Amino acid sequence: MATINFKGKNSVWNHHLSVPYQILEKDKKLSVNGKNEDENLIIEADNLIALKSLLPKYQGKIKCIYIDPPYNTGNENWVFNDKSNSPLIKNWIGKTVGADDLTRHDKWLCMMTPRLKLLYELLDENGLIFISIDDNELHHLKMLMNEIFVENNFVENFIWNNTSTPPSLSKKSRKNVEYVLCYEKNSKLRDLKLYGRESGNSDAPLINKGNNLVNLTFKKGIINFRIPDGNYKKGTHKACVVLNDFIVKTGVNDTEVKLKGEFKWTQKNLDDEIKSGTTFLVKSDKFAIRYERKKDNNGYITPDKYIDEIYLNKKAGVGTNEEAKKELNKLFGDNIFDYPKPVSLIHFLIRTITNKNDVILDSFAGSGTTAQAVLELNKKDKGDRKFILVQLPEKIEKDKPAYKAGFRYIHEITRERVKRVIKRDKIDVGFSYMKLGSQIDADSILTGKLPTYREFAKYVYYLATGKTMDNEKSINEKDYFVGKINGETVYLIYEKDKEKLKNLAITLEWAEKINRKNSGKKIVYAPACFLDEEYLEKFNIDFVSIPYNLFEKK
């Protein structure tokens, strides 16, 4: 397999493994109460750190990922900020990547690599990832994705008509498209359907709703041809009479029919289509065959490569950048954000793969389009999808109209947009606004950079339960008690003292004492355990070693 090489690749290829875990802490003042408030997350953080912090709960559980990273045009003023021990990368940190930077493609690839590695870990085995991109990095990104997600998992490079008013300055071409690169997690699921086009807008309408159906015997089944009954379009057509089995050879039907016509599929393709439920349509006495693929329960069929041609009427169409700007301005009453994506584009991408209870992640959240799309789609089909947004606190330039609206940072717009959509649509949905807490990782503990008991207890609770602790008052350091959930009790045997930590362990005396108070299931995090498997089972203890197995979720 061909691979891509770039400066700094050796330094960043496994960088995601060294990124420290940090606690995600809920800011109650910035959160909104309502349904799914613990599952809908807006995370204010660098997305590399945030993605690592999501792993304990969400590894392999995100059904749909959409990201809109910097296109690296040279005019976006993005800054490389990923810390590394590499002298080369250290020299890049904090510097704006401009159009005249000869290493800008290398820097972009170094920025994307660890993030894509973590996104791969988070993606469900049956999930899809969509990445918006343009010509500046498309070819680099596809080669990088072929390495991380594997070339066989490539699904499509969708083309989206992003503007109705392309710039006319270029004498070579007017750029009016962007791309959405799509990969799946597991190529063994190649029969996975991408349901994108609404059945009501199919370009192959049923032409006969009566009983005038001809059953065409085929060696592996029956093909139902719908024959015109004289009312199709303007002309009057005779029914096509089939005399023998229909076999295709070299692109043309080989067996005799009364009125022959060309059929451009091979026999194997025909077999596969019939097996999947495709219906073939004969529209005229010239035997011109068209087909209509079987729809799923939601009425969707496979989308085209050109996203803007998926829909045949304006009402259901995918919008442009201009329409996206209007959508956002209408919500805020002001021009607050440059280059948002249209909600309809994210609608289309989400419903290609998600069921009504899936989780959708956007780690380059921008203005929050993805959350709005999730909320609106849930309202439309009564779904219960959840969203996770990650946005770095980035300043908006002073001359931007956003300042008139009272916003100074992009993440403030992200949160406010979700809040306003909830209010506008009068839906009982909430979200948790999360910020990064203490850094806790095995290396820090081993080198003596120890968290407080309360900090560590909150993180252990998150690891054990997958939920953020709301009631910190329940933590009892004296008894090593962290909290209870679903009939299980979480304990942490720990002290913020490196010397004492070396001698702490689950002992027989402690286990007997705790078991007298609580005979139920216990998850106990501790540096060591002096009990064998028989005693652990007797006292209903599930032991997790720290720090070596610190991030093993039970």
Handout entry: Cβ-based net charge around HIS411, under 12 Å, with every Lys or Arg adding one and every Asp or Glu removing one
Key = -1
Problem - Local net charge near TRP92, Cβ-Cβ under 14 Å (Lys/Arg +1, Asp/Glu -1) - result: +4
Practice task
Which order do the peptides 40-53, 7-20 take when ranked by the mean count of other beta-carbon atoms within 10 Å per residue, highest first?
Solution key: 40-53, 7-20
Handout entry: segment 439-545: mean projected area of Cα convex hull, nm²
Key = 6.6 nm²
Handout entry: segment 439-545 - share of DSSP beta bridges that are antiparallel (%, nearest 5)
Key = 35 percent
Exercise for the section: With viscosity set to 1.002 mPa s and temperature to 20 °C, compute the Stokes-Einstein D of segment 4-80, Rh being the Kirkwood radius across alpha carbon pairs; µm²/s, no decimals. Expected result: 137 µm²/s
Problem - Packing-based ranking, highest mean first, of 325-338, 449-462 given that Cβ atoms within 10 Å are counted - result: 449-462, 325-338
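Values in this text are rule-based calculations from the coordinates and carry no lab data. As the structure is a prediction and not an experimental result, all values here were calculated from the model. Backbone-built Cβ (ideal geometry, glycine too); neighbour counts: all protein chains shown.
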